[in-house]
Amino acid sequence: MKRRLDQILSSYGYCSRKEAKAWCRDGRVACAGESVRDPAAKLEPRELLIDGEPIDHPDGILVVLHKPVGYVCSHDPAEGERIYDLLPIDWQARDPQPVSVGRLDRDTSGLILVTDQSMLVHRLTSPKHKVPKTYEVLVDKPLSAELIPAFAAGTLMLDGEKEACRPAELRITGERTAELVLMEGKYHQVRRMFAALGYHVQTLHRSRFAELSLEGLEEGEFRDLGAADLAALGL
Ligand code: URA
């Protein structure tokens, strides 16, 4: 979509709208082989070269990131290392800024989506959309098969919540390891569900978000979602 050049430069984090005039005057912006001198010119971001380079992600950001333990999903640098520090630094100057789709705790690793498209965040976190999320859990003591119906019942109440957790699927994969599939995302839900049943979660990793996995991504790495990924998310 065509937009004013000064608005484009500020929303992609190059400079303020005020500074756009100087950027044009200095010949830093080109379109179809010509310098653009008018900051009010209406242009298509995808067709621009800024300092000779195309705009990064002109149609918006949507990436899957392999979050390591120790990083927070908050933007506040006072909270420590942020997942945004693992992404290109220039993205932090964009408006809107990229945000995570839901959150993972500092002590949880795994799959997190990051986007600058608020509609996607809304869609993918809305309880109506019912996206299954798969977690790999290591607990402090042997898992009992009786946990399977307890998670599946849809009656588990967590402290401070008004509604019971929705039915969740537990697959026991080892003496103290399991996969849990949730269709919702209450605060610290996996840890609190296990705690309500007498278990302490020692490590927690999100391995899938709908059909998306972390295949090919080392900790701290990210990749753009392609058409097949969007289809897997029902988008
Ligand atoms: N449940 C948790 O307890 N923590 C997370 O990070 C995600 C789900």
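Out of region 163-235, which chymotrypsin sites (Phe, Trp or Tyr not before Pro) are coil in DSSP terms and have no more than 14 other C-beta atoms within 10 Å?
Hits after loop and neighbour filter: TYR187.
For THR203 and ARG171, calculate 0.36 nm times their separation in residues minus their Cα-Cα distance, and state this gained length in nm to one decimal.
Once the chain is fully extended between THR203 and ARG171, it gains 9.9 nm.
With the chain treated as a Gaussian network of Cα nodes joined by springs under 10 Å, which of GLU211, GLU219, GLU19 yields the largest mean-square fluctuation?
Among GLU211, GLU219, GLU19, the largest GNM mean-square fluctuation belongs to GLU19.
In nanometres, what is the gap between the two model label sites at GLU215 and MET157, each 7 Å from Cα along Cα-to-Cβ?
Output for this residue pair reads 4.3 nm.
Using a 10 angstrom cutoff on alpha carbons, build the Gaussian network for the chain and name the most mobile of VAL36, VAL114, VAL64.
Sorting by GNM fluctuation, first place goes to VAL36.
Would you list which aspartates and glutamates come within 12 Å of LYS21, measuring only between C-alpha atoms, while excluding same-chain residues fewer than 8 positions from it?
ASP6, ASP38
At 1.4 Å probe size, put LEU143, LEU124 in order of accessible surface, largest to smallest.
LEU143, LEU124
Apply 1/(1 + (r/R0)^6) to the Cβ-Cβ distance of ARG46 and ARG223, taking R0 = 22 Å, and write down the FRET efficiency to the nearest 0.05.
0.60
Pulled fully out, how much extra length does the chain show between GLU79 and LEU235, if you take 0.36 nm times their separation in residues and subtract their Cα-Cα distance?
52.9 nm
Return the subset of LYS18/LYS128; LYS67/LYS128; LYS67/LYS186; LYS42/LYS67; LYS2/LYS186 for which the Cα-Cα distance in this structure is over 31 Å, preserving the input order.
From LYS18/LYS128; LYS67/LYS128; LYS67/LYS186; LYS42/LYS67; LYS2/LYS186, over 31 Å: LYS18/LYS128; LYS42/LYS67; LYS2/LYS186.
Using a 1.4 angstrom probe on the protein heavy atoms only, line up SER118, SER10 by accessible area, largest first.
In descending accessible area the options line up as SER118, SER10.
The values are calculated or read from the model by the stated rules, or taken from the named source; none is laboratory data. Source: prediction; values computed, not measured. Cβ atoms come from the backbone with ideal geometry, glycine included; neighbour counts cover every protein chain shown. Ligands, DNA and RNA are stripped out before the accessible areas are found, and what is left, the full protein with its side chains, is counted by its heavy atoms. Shrake-Rupley method; radii C 1.70, N 1.55, O 1.52, S 1.80 Å.
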